[in-house]
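Scroll down for the structure; my scribbles are underneath it.
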Amino acid sequence: MVGRTPQDITADDGTVGSSGSDQRSVQMANIAAGKAVGELVRTTLGPRGLDKLLVDDDGMGIVTNNGASILREMVDHPIGDIIADLSVSHEDGVRDGTTTTAVLAGRLLGEAETLIERDIHPTTIARGYRAAAERAGEILDEHATVIEPSDTERLTSLAATSMSGKGTMKEDVVPSLVVEAVQRVRTDGDVDRDAIRIEKITGAPVDNSVMMDGVILDQERADSVTPYRVEDATIAVFDKDIEPRESGLELDVDVTTPSDVARIQENQRAEIVSIVDHLDDLGVDAVIGGENIAEELRERLAKRGMYVVRRVHDDEIAHLAKATGANVKGTVRELSADDLGYAEIVEETDLGGELQTRVQGCATETTATLVLYGSTRDVVDELHRAVKDAISVVSCAIDEPKIIPGGGAPETAIALRLHQYAKEFDSREQLAIEAYANALEVVPSTLAENAGVDPILGLVNLRAVQSNGDTLAGIDGETGEIIDPVEAGIIEPFSVKLRSITTAPQVAETILRIDDFLPMSFEIDEDKLPANGPAGGMGAP
Ligand code: ADP
Ligand code: MG
């Protein structure tokens with residue numbers, strides 16, 4: 001565990017690149033930083049990867065195995081930022097595969113270092129890496145299997161693989177809950193990930209987690225006189241205060257005499273009665289308010305048997321409306337029969353020691369709620385991150401229903417094939433393609449290493465098995481043994497792996513191309529300024 005953040009990533013000699021140094025040494029310093037970042041996250045790769053304790057400036061800690069979180073929170077270095085920015089996908093927010101990308105990028109930089117020392121130009125290296133990545137994508141495709149987007153078993157395996165090592169075990173219930181939730185909100189191949197809400201509850205084991213066809217509202221029932229539960233519920237949803245108007249009178253009437261006051265009270269009471277009657281006439285069983293609901297009104301609604309909850313959070317109101325098919329209204333007067341929603345049960349419930357409102361059995365199949373349990377805050381937070389990743393992985397696989405084996409199988413197979421492919425190129429690019437192949441093998445060797453097996457031996461054995469024709473063999477990340485990952489249910493979306501193996505060389509190339517960078521703050525040493533302007537800076541010397 002690493003107990004400090006941010007972590008300084010500097011070259012062995014302590015340099016982080018400088019404006020006066022020559023191009024080569026800047027490049028080497030950047031490479032060293034990139035390698036260090038890769039090594040840092042490498043220890044978390046796979047199901048047996050080590051967790052990291054990240055501590056922010058306020059001393060708050062999170063325990064995580066999530067490469068994306070580590071890159072974001074822990075690494076405070078321009079090169080680390082480049083790796084984080086490029087490794088985490090921006091298009092669809094899929095963070096799975098981030099560790100692999102960063103580790104690969106680090107290894108590609110390490111290989112590049114060796115090649116640069118052999119006087120191969122970074123441009124040639126980048127060209128070779130690009131050729132290798134393109135071919136690697138084709139080979140990966142040959143190892144891919146098309147699945148049905150409705151194949152629950154496969155989707156569950158995808159979710160479980162993406163979550164392994166992150167607060168759950170493969171047998172746990174959570175991956176299947178994730179798939180249930182995604183399938184619930186999916187409409188012809190399109191998954192609206194925002195339609196899945198995640199509730200976190202501490203104090204009970206992970207296995208208590210459930211997928212709900214409803215919504216949890218953060219608030220308990222409004223009053224002690226409010227019924228605990230209504231069934232077969234017609235629901236009215238409001239986002240403004242529900243109160244009789246201030247005076248019940250025209251605004252320009254002066255209130256001067258006791259009889260005025262009495263009249264105002266009378267008007268208010270009449271208005272409350274008309275609000276209650278209107279709701280009752282519409283057959284409303286539950287009134288859900290985003291703001292306040294007047295006390296007298298609440299009591300009268302309770303007497304008519306209606307469930308009332310108020311001050312419900314905005315996004316819960318929106319989610320509830322979607323789930324129940326209700327239209328959110330500002331006043332009771334505007335409410336008509338068309339605006340009402342439906343759920344089988346609306347009730348107060350105790351979740352992890354907090355009273356909340358549970359709305360279950362909702363009318364539409366457009367939303368889902370995952371209720372995640374964990375023994376401690378850390379456990380449930382890590383589970384939450386893993387579930388978000390798994391939701392995106394399952395969505396990706398529905399979007400492009402193609403899977404590949406995990407456990408380092410494709411990386412090993414691609415490496416073996418690329419060594420052949422390299423022979424088609426001239427000697428310098430050939431070396432770069434071979435370097436890319438070597439770098440890919442960091443995945444199987446690290447999975448073996450993190451499972452407690454000698455990484456070189458693990459890799460050599462896997463290569464031998466694959467060379468004998470079993471090109472789908474991989475490493476069991478729990479035991480380090482050689483297995484058939486597909487049979488073991490260790491599978492990943494094709495698109496996620498494709499992104500890792502094509503993005504990593506782009507990250508490496510970006511870093512190799514930086515021939516200087518300006519430290520975050522630097523002072524210009526006047527004495528060293530030549531007559532024609534500052535030395536160094538971008539692009540110099
Ligand atoms: P990333 O951020 O790249 O997703 P992970 O820590 O999730 O990093 O590790 C992903 C790698 O671990 C993939 O290569 C995946 O195939 C592999 N993996 C996950 N679970 C297992 C397992 N049970 N056995 C072997 N490999 C596994
Ligand atoms: Mg992962």
Listed by first then second residue, the pairs whose first member lies in segment 57-81 and is under 20 Å from A390 (Cα atoms) and in contact (Cβ under 8 Å) with a residue 24 or more places away in the chain, whose partner is in a strand (DSSP E or B) and among the hydroxyl-bearing types (S, T, Y), with beta carbons under 7 Å and at least 6 positions apart or on separate chains, are I70/T64
May I ask you to list the residues in segment 271-288 that are without any contact (Cβ under 8 Å) to a residue 60 or more places away in the chain and outside any loop (DSSP other than H, G, I, E, B)? E271, I272, V273, S274, I275, V276, D277, H278, L279, D280, D281, V287
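Determine, yes or no, whether I235 is touching a Gly at 6+ places or on another chain (Cβ under 6 Å), away from ligand 1 (no atom under 16 Å from the Cβ), of a type in the set (A, V, I, L, M) and modelled with pLDDT under 95.
So I235 fails the test.
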Within 19 Å of the chain's Cα centre (by Cα), surrounded by fewer than 20 Cβ atoms within 10 Å (Cβ to Cβ) and not in a helix (DSSP H, G or I), is that true of V94? no
Can you tell me which residue among G458, G480 is away from ligand 2 (no atom under 16 Å from the Cβ), outside any helix (DSSP H, G or I) and over 24 Å from the mean Cα position of the chain (by Cα)? G480
Give all pairs with beta carbons closer than 6 Å in which a residue from segment 340-357 that is at positive phi meets a residue that is at pLDDT below 95; count only pairs at least 6 apart in sequence or on separate chains. G352/I201; G352/T202; G352/G203
Scanning segment 361-400 for residues that are modelled with pLDDT under 90, hydrophobic (A, V, I, L, M, F, W, C) and within 30 Å of T234 (Cα to Cα) gives A363
For segment 73-86: of the residues being modelled with pLDDT under 80 and surrounded by fewer than 21 Cβ atoms within 10 Å (Cβ to Cβ), which is farthest from V507 (Cα to Cα)? E73
Qualifying residue in segment 53-61 (condition: surrounded by fewer than 22 Cβ atoms within 10 Å (Cβ to Cβ), within 21 Å of S164 (Cβ to Cβ) and modelled with pLDDT of 70 or more): yes
Taking segment 366-420, which residues are basic (K, R) and within 16 Å of ligand 2 (Cβ to nearest atom)? R385, K388
How many residues are more than 12 Å from C362 (Cβ to Cβ), acidic (D, E) and touching a residue at least 12 places away in the same chain (Cβ under 8 Å) if we restrict to segment 191-217? 3
Got a number for residues in segment 496-519 being buried (at least 20 other Cβ atoms within 10 Å of the Cβ) and either at pLDDT 95 or above or part of a helix (DSSP H, G or I) (or both)? 14
Can you name every residue in segment 87-109 that is more than 16 Å from ligand 2 (Cβ to nearest atom), of a type outside the set (G, A, S) and at pLDDT 85 or above? R107, L108, L109
If V63 meets every condition in (1) under 22 Å from N450 (Cα atoms); (2) within 16 Å of ligand 2 (Cβ to nearest atom) apart from one, which number is that one? (2)
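Whether any residue in segment 463-482 is of a type in the set (A, V, I, L, M, F, W, C), farther than 22 Å from G106 by Cα, modelled with pLDDT of 95 or more and out of contact with any strand residue (DSSP E or B) (no Cβ under 6 Å at 6 or more places or on another chain) is what I want to check.
yes
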Quick one: how many residues across segment 389-423 are within 13 Å of ligand 1 (Cβ to nearest atom), part of a helix (DSSP H, G or I) and not aliphatic (A, V, I, L, M)? 6
Mind checking which residues of segment 192-232 are part of a loop (DSSP other than H, G, I, E, B), under 22 Å from E291 (Cα atoms) and among the acidic types (D, E)? D218, E220, D223
What are the residues in segment 134-188 that are closer than 27 Å to E478 by Cβ, basic (K, R) and either within 17 Å of the chain's Cα centre (by Cα) or more than 12 Å from ligand 1 (Cβ to nearest atom) (or both), if any? R154, K166
Just to be sure, is A464 aliphatic (A, V, I, L, M) and within 18 Å of R154 (Cα to Cα)? no
Within segment 423-454, can you find the residues that are buried (at least 20 other Cβ atoms within 10 Å of the Cβ) and polar (S, T, N, Q)? S445, T446, N450
Residues in segment 48-74 that are of a type in the set (A, V, I, L, M, F, W, C) and in a strand (DSSP E or B) total 5
When you go through (1) buried (at least 24 other Cβ atoms within 10 Å of the Cβ); (2) touching a Gly at 6+ places or on another chain (Cβ under 7 Å) one by one for C396, which number turns out not to apply? (2)
Could you check, for segment 103-114, whether at least one of its residues is of a type in the set (S, T, Y) and more than 16 Å from ligand 1 (Cβ to nearest atom)? yes
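The values are calculated or read from the model by the stated rules, or taken from the named source; none is laboratory data. Quick caveat, the model's predicted, so the values are computed rather than measured. Note: ideal-geometry Cβ built from the backbone for every residue, glycine included; neighbour counts use all protein chains shown.
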